Amino acid sequence: MSLFIETIRIIDGKAFNINLHNQRLNSTRLHFFGKMAEINIDNMINPSPYKELTKCRIVYNKEIVSIEYIPYQVRPVSSLKLVKDNTIEYSWKTTNRETINRLFASRQKYDDILIVKNDLITDTSICNVAFSDGNKWETPENPLLKGTQREYLLRQGTIQEARISIDDISKYKHISLFNAMIGFGEIILPVTGINI
């Protein structure tokens, strides 16, 4: 079985969305390994020395396997290639990204991919997405992975879920890419940057 990952954003000595990372880590452990004592990430990491943007990468199965702190730079994205895969599964954040990596390798001249499953928009290779029509931001209701930043934005009311098909893309103006390391609004591009 693959190992599982939590990726936590640290900046100015502060870790973000720890409660959501704890929830996902412990629900993953419960699902795959059964009932056991919960882990509290907050007691296991030390964000205080890290002032610049840093990725705290926790690898785990039943227990924590490793914790590393890696300087992080957001990779610019200005174009996306639509790719289709009706069998792709990535409901759990695992180290096995073989299918995603294969799709990413097919991006040609584009910066990243936008994955379509059964004619519905899901995620890019590393980000959840949301689309804006100029008034509101909508995120696909069935992403490949329900990210912690996505959950945070839903709870804040910043984004809302919607069923978004390929044909729906044209009714929007912009797409935002975000994940635990990339804040909402850091990467926004016009939908014309999507190669359909």
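The values are calculated or read from the model by the stated rules, or taken from the named source; none is laboratory data. The structure presented is a predicted model; accordingly, all values stated were derived computationally and were not measured. Note that we place each Cβ from the backbone using ideal geometry, even for glycine, and neighbour counts take in every protein chain shown. Side chains included, ligands, DNA and RNA excluded: accessible areas come from the protein's heavy atoms. Shrake-Rupley method; radii C 1.70, N 1.55, O 1.52, S 1.80 Å.
Counting only strands (runs of 3 or more DSSP E) that fall entirely inside segment 115-164 and contain at least 2 residues that are open to solvent by less than 10 Å² (accessible area, probe 1.4 Å) and either on the phi < 0 side of the Ramachandran plot or without any contact (Cβ under 8 Å) to a residue 12 or more places away in the chain (or both), the qualifying elements are 120-124, 128-132, 137-140. Exactly one residue out of Leu30, Leu25, Leu53 is among the hydrophobic types (A, V, I, L, M, F, W, C), under 18 Å from Lys146 (Cβ atoms) and in contact with a strand residue (DSSP E or B) (Cβ under 8 Å, 6 or more places away or on another chain): that is Leu25. Restricting to segment 38-53, name every residue that is within 16 Å of His21 (Cα to Cα) and either free of Cβ contacts under 8 Å to residues at least 12 places away in the same chain or open to solvent by less than 80 Å² (accessible area, probe 1.4 Å) (or both). Once the filter is applied, which keeps residues that are within 16 Å of His21 (Cα to Cα) and either free of Cβ contacts under 8 Å to residues at least 12 places away in the same chain or open to solvent by less than 80 Å² (accessible area, probe 1.4 Å) (or both), segment 38-53 yields Ile39, Asn40, Ile41, Asn43, Ile45, Asn46, Pro47. Among the residues of segment 73-94, the one identified as small (Gly, Ala, Ser) and within 26 Å of Ser2 (Cα to Cα) is Ser91.
Per the listing Ile11, Ile58, the residue uniquely surrounded by 16 or more Cβ atoms within 10 Å (Cβ to Cβ) and closer than 21 Å to Lys146 by Cα is Ile58. Just one residue in the set Ser79, Ser132, Ser165 is at pLDDT 95 or above, in contact with a helix residue (DSSP H, G or I) (Cβ under 6 Å, 6 or more places away or on another chain), farther than 24 Å from His31 by Cβ and of a type outside the set (Val, Ile, Thr); that residue is Ser79. Can you pull out every residue in segment 17-37 that is among the hydroxyl-bearing types (Ser, Thr, Tyr) and open to solvent by 30 Å² or more (accessible area, probe 1.4 Å)? The one that is among the hydroxyl-bearing types (Ser, Thr, Tyr) and open to solvent by 30 Å² or more (accessible area, probe 1.4 Å): Ser27.
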